[in-house]
1. Hey, among 342, 303, 274, which residue is of a type outside the set (Gly, Ala, Ser), assigned to a helix (DSSP H, G or I) and open to solvent by less than 40 Å² (accessible area, probe 1.4 Å)?
2. If you go through the range 150-190 one residue at a time, how many are over 21 Å from residue 67 (Cβ atoms) and of a type outside the set (Gly, Ala, Ser)?
3. Taking the range 1-41 as the region of interest, how many residues are more than 22 Å from residue 226 (Cα to Cα), open to solvent by 80 Å² or more (accessible area, probe 1.4 Å) and in a helix (DSSP H, G or I)?
4. Between a residue in the range 1-21 that is within 21 Å of residue 245 (Cα to Cα) and any residue that is polar (S, T, N, Q), which pairs come within a Cβ distance under 6 Å, given they are 6 or more apart or on different chains?
5. Between 190, 170, which is under 28 Å from residue 238 (Cα atoms) and outside any loop (DSSP other than H, G, I, E, B)?
6. Test of understanding: among 38, 34, which residue is in contact with a strand residue (DSSP E or B) (Cβ under 8 Å, 6 or more places away or on another chain), within 15 Å of residue 165 (Cβ to Cβ) and of a type in the set (Lys, Arg)?
7. Would the range 177-187 turn up any residue that is buried (at least 18 other Cβ atoms within 10 Å of the Cβ), over 21 Å from residue 14 (Cα atoms) and of a type in the set (Val, Ile, Thr)?
8. Name the residue, out of 203, 259, 240, 283, that is more than 21 Å from the chain's Cα centre (by Cα) and open to solvent by 20 Å² or more (accessible area, probe 1.4 Å).
Amino acid sequence: MVAPRVMDALRHPVLGYLDPDLFVVLFEIQLGLRALFRTENEVTLALPGTGMSGAECALANLIEPGDRVLIVCSGFFGERLLDIACRCGAEVHVVHTQWGSPVEPEPVETVLKQHPHWKLIAMVHAETSTGVHQPVPPIAELARRYEALLVVDAVTSLGGMPVEVDEWGIDVCFSASQKCIGAPPGLAPITVSPRAWDAIQKRRMPCQSWYLDLCLLWDYWNEPHVYHHTTPVSLMYALRAALEMVEQEGLPARYERHRHQAERLWNGLQEMGLELVIPTEHRLPMLTVVRVPGGIPDKEFRLRLLREFNIEIGGGLSEWRGQVWRIGLMGHSCLAHNVDLLSSALNTLLHQYRSR
């Protein structure tokens, strides 16, 4: 869901992509994103496109053919990073773990020891396919020790749980506007450390993606504001409004709201006899994975929940397809009455199916 204040921002008059008033909006967005990412990085902006444009941008700008890359993979979106790195021509190594568990740092270091000259390590902070929290600091420490850049997918986590770009030593971090930030989909916030920016500027050949070339994009966001593409102005208004709401709430309070409502959801689900797949210590507050109860038709149940109660929950992806439900609790949706409404709707439908 999107807050009414953010939806109202979409109604502001559309400006031209070189209008000086628009550059004021973009500057305010940069300030808001730096605060949200917890960084002093100058190169901080919002890319056109959804979260996957952030992934594509981060990897395409850093990777040149033959670069040695390590992907930390614990689910569907880790596999996406793997796919993108391969398409960029990297020599890709991957550390997998079974779905439902985070990757431990020991196997990551085992692979790092096997080869010299690593360009980067890429990982997903909040793996949305499984609901698993992958701790960043242990991987960041390895990246520094082996002189590799660290790329972090914070699509689901940014705005809902701590993401400390500077403190943790993340070199490139990207997210999406529509999850815990609470804006409509269509923008991908990204921030780039001075170390990563230096690597981008020293590339041997231009970035393979013209549209997501950070050097070209930054020349538009920064002086001299060289035209690059037609900025989705209305989405920028909405993102600015969402970032203002984040600032007014305060990050500690926002994190606590996500955690508190998640715990209320977990308690309610368990009272219904539903199984939470991920142990509490690895569980995300904004994405809860529930085992589909025996005898309940997954797709039919979720469709009835949508049509009869106007509530959408996700199904399982890849190897968990048909086995789990993925319940998002993010941004403006992360409110007590939404948790209560979902609990009531689930109770009603489960009782109907179990009474057959």
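The values are calculated or read from the model by the stated rules, or taken from the named source; none is laboratory data. As the structure is a computational prediction, the values presented were derived from the model and not from experiment. Here the Cβ is made from the backbone with ideal geometry for all residues, glycine too, and neighbour counts use every protein chain on show. Note: accessible area is taken over every heavy atom of the protein model, side chains too, but ligands, DNA and RNA are not part of it. Shrake-Rupley method; radii C 1.70, N 1.55, O 1.52, S 1.80 Å.
1. Result: 342 is the single residue among 342, 303, 274 that is of a type outside the set (Gly, Ala, Ser), assigned to a helix (DSSP H, G or I) and open to solvent by less than 40 Å² (accessible area, probe 1.4 Å).
2. So the answer is 19.
3. Number of matching residues: 4.
4. If the second residue must be polar (S, T, N, Q), the pairs left are 1/333; 10/234.
5. Only one candidate qualifies: 190.
6. 34
7. Within the range 177-187, one or more residues are buried (at least 18 other Cβ atoms within 10 Å of the Cβ), over 21 Å from residue 14 (Cα atoms) and of a type in the set (Val, Ile, Thr).
8. 203
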